[in-house]
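The values are calculated or read from the model by the stated rules, or taken from the named source; none is laboratory data. Bear in mind the structure is a predicted one, so any value in this text is a computation, not a measurement. Here the Cβ positions follow ideal geometry from the backbone for every residue, glycine too, while neighbour counts run over all protein chains shown. The accessibility values were calculated without ligands, DNA or RNA, using every heavy atom of the protein model including side chains. Shrake-Rupley method; radii C 1.70, N 1.55, O 1.52, S 1.80 Å.
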Amino acid sequence: RSFVAPCAAQRRTPPSSPSSARPRRARAASRAASPRDRPIPRRRAAGMADVAYSGGDVAEALARLAAVAETRGCTLDEPPQTIQDRWAHVAAAAGVDGSVPLDATLLEHLKLVFSFVENIIISCGAPDSFDVYEVSFETLSKMGFFFQTSEPKQLLLFALENVHEVYDVLLSCVETYEWVQPGATGLLRLWMMQVLFASFGQHTITGRDLMELTDNDVSGAVSLIAFLVRCGDAPFSMQAAAGRCLVELTTADSIFLGMTQDEDTNTQQIEKLTGMLNRHVNGLIKGIIQFEIVEAFGRCICQHQMSHSRTDIIVKHFLTTVHNSLLYCSEHQKKLRQHLATQSTIVQDIMIPYVHNILPALFDNPSCGPANIEFQNLKAVLQTFVVVTFNINVFRPQLRDSDMLVQICRVPNIMNHITMIELLVKLAVNVDFANGPYRDVLAPTLEAAFVALPPENQARLQRRLTSDQGMRLPYSRSATASAQALAFAVTPPAGEDGSQAAARKAARKSNWKNAKKKAHKRKRMFGMQAKQKNVAGSPEDADDADDDDDGEDDDSGEDDMPPLIPAEMWEQHLGATDESFVPSMAKCQLSGTLMHDPVKTPDGYLFERAALEDWMMQNQTNPLTGAPLSMNDCVEASDVASFIQGYQMQMFAASHISPEVFEEPPPPEIAP
């Protein structure tokens, strides 16, 4: 595929934090085991047992380590042959698969083997002796994967504890050496991460753990993830885990889950949490651009393109990362859109094939619905399509001219869910389907689905597409022909007035306060996608599916927000809130959605850049006044963007604290 054509080892931007050997905690990964991980999605059994080493593999690694160490002048506490003999006794007793428990004598032999590797790592001394470090961590990694019993795993943990200072320094400087001399560190990062996976398992390492390994530097964590995803020598299970960790980093949980269980979140100041999120989001998006995550995922998908189950997993992580990143209001938002626009072939090479990959499973299941993982994946990809096509117009023609939307409309039961109809309508408008080859098929299909809905659901869908747009995924208002073709859905419900909107706002405030699953709701704020925690079909997964169905039946919708909290940072600048609790001046005056990259016209009107650029492709006028206008006349509304970012981050922070606390004055500060 052209999108993933190999390119010579190249570096575009030097790392943001050069060789500052900040102290890191390699031992932090020991806290990785946590039930909050979600398992790998659909057909996860395939490819998950792709890391296995034999006793012979370890013996070969030990021999290479001894040879490299002697060349570098490292101190060997025992002759290499003695170590080989010790290992031969241990490996023979452990069995072919390393599952036989070892007695005390053999454990002592194994401890001396670990000590041999530790001493080489510690005594090496030269920070650029990457060949020694690479083979050392390769040896530890292979030993960790060979043994299946607890005692050897515990000895591996002790070994990591003993070399953690060297581990931390290496992790801090490896990116800088790679920038200066590409390929200088070889596969060192791969083996350093693989030894952690050998110790704790790929399902227990989280995005938050990678943050701790990189001293809470999100750019460093993104760099590490990009390397693992891009590395052709990495086992698929590690690449999948790296993708999952990146998705976790795009959610607010990657910040808040860093708090220890002993901390009382209610005592945290909203401003402090907001500042943490601001720094995290800015660093995250900068890292996604700097370390070329899109290109890394493209290489990974090409590597595994013969396995549908593997590409499903990687593509899902990629799409969710793009989706969430585009929904943040960040100082790097414009650069992110430009970066994605230059990778325009991801539509035909990744997105459309991904949909066609999951459609057969849906067609073969007449009873498919929200409880099916394929249905959930389809919803996730539609959400990503809506966000991407709104922000980046170069993606639209490929989706418009493909029969993908027509095929999706034929999925059993899909037209029974107003959320799916909403996404299909928005996507059809965004790609301007009326000027494409499938207008005569899509328009009557969507209208028939709308007519088949009960009257109350018809009104609910219309509100989602009109008055309730503040917190929902955006769609273009400049594709007038497509909007007219779908006028039945994109016009407000008949008879709606201000009193009804006020009543809904009050009901939403009450619903949020009384919600039993606030954590479930907060993960969907601003239309964000969260990582899935449960395997499809599990009881908890069924509960989530029930929640989705409930969302179809009540007026609160799935993107409801908690009541706003007064804040000096943005309240006086962004105005009063609408029924979705979104400040009026935070919304684009053309699309009606929350702005992520606002621009200001000479006469003071505020628009989302993507929406205005889309409008200006067909009109050279102000959308509201009709006055002549060009994009060159508009300027970045950086002050408004700063207030919106503060509002958005504050809402994420606020959602992690009980709403009842918000209504109370903050505790008085006590002088030390």
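Annotations for the structure displayed:
- In segment 310-325, residue modelled with the lowest pLDDT [restricted to those that are more than 11 Å from the chain's Cα centre (by Cα) and open to solvent by less than 10 Å² (accessible area, probe 1.4 Å)]: Asp312
- Flag for Ser129 being of a type outside the set (A, V, I, L, M) and either open to solvent by 10 Å² or more (accessible area, probe 1.4 Å) or free of Cβ contacts under 8 Å to residues at least 40 places away in the same chain (or both): no
- Top-ranked residue of segment 83-137 - restricted to ones that are polar (S, T, N, Q) and assigned to a loop (DSSP other than H, G, I, E, B), ranked as nearest to the chain's Cα centre (by Cα): Ser129
- Going through (1) open to solvent by less than 30 Å² (accessible area, probe 1.4 Å); (2) farther than 18 Å from Asp57 by Cα; (3) within 32 Å of the chain's Cα centre (by Cα) one by one, Phe146 falls short only on (2).
- Pairs where the first residue, in segment 97-120, is without any contact (Cβ under 8 Å) to a residue 24 or more places away in the chain and the second is of a type in the set (A, V, I, L, M, F, W, C) and part of a loop (DSSP other than H, G, I, E, B), C-beta under 8 Å, 6+ apart: none
- In segment 181-231, the residue that is modelled with the highest pLDDT out of those that are basic (Lys, Arg) and buried (at least 22 other Cβ atoms within 10 Å of the Cβ) is Arg189.
- Of the set (1) outside any helix (DSSP H, G or I); (2) surrounded by fewer than 17 Cβ atoms within 10 Å (Cβ to Cβ), all apply to Gln154 but (1).
- Meets criteria (open to solvent by less than 30 Å² (accessible area, probe 1.4 Å), modelled with pLDDT under 80 and assigned to a helix (DSSP H, G or I)) for Ala641: no
- Residue that is farthest from Val490 (Cα to Cα) [pool: residues in segment 391-443 that are among the small types (Gly, Ala, Ser) and open to solvent by 10 Å² or more (accessible area, probe 1.4 Å)]: Ser402
- Flag if Ala485 is modelled with pLDDT of 85 or more, buried (at least 20 other Cβ atoms within 10 Å of the Cβ) and more than 22 Å from Thr389 (Cα to Cα): no
- Residue within segment 474-481 that is part of a helix (DSSP H, G or I) and either in contact with a Phe, Trp or Tyr (Cβ under 8 Å, 6 or more places away or on another chain) or over 20 Å from Arg609 (Cα atoms) (or both) present: yes
- Checked against the criterion of being of a type in the set (Gly, Ala, Ser) and in contact with a helix residue (DSSP H, G or I) (Cβ under 7 Å, 6 or more places away or on another chain), segment 305-323 contains not a single residue that satisfies it.
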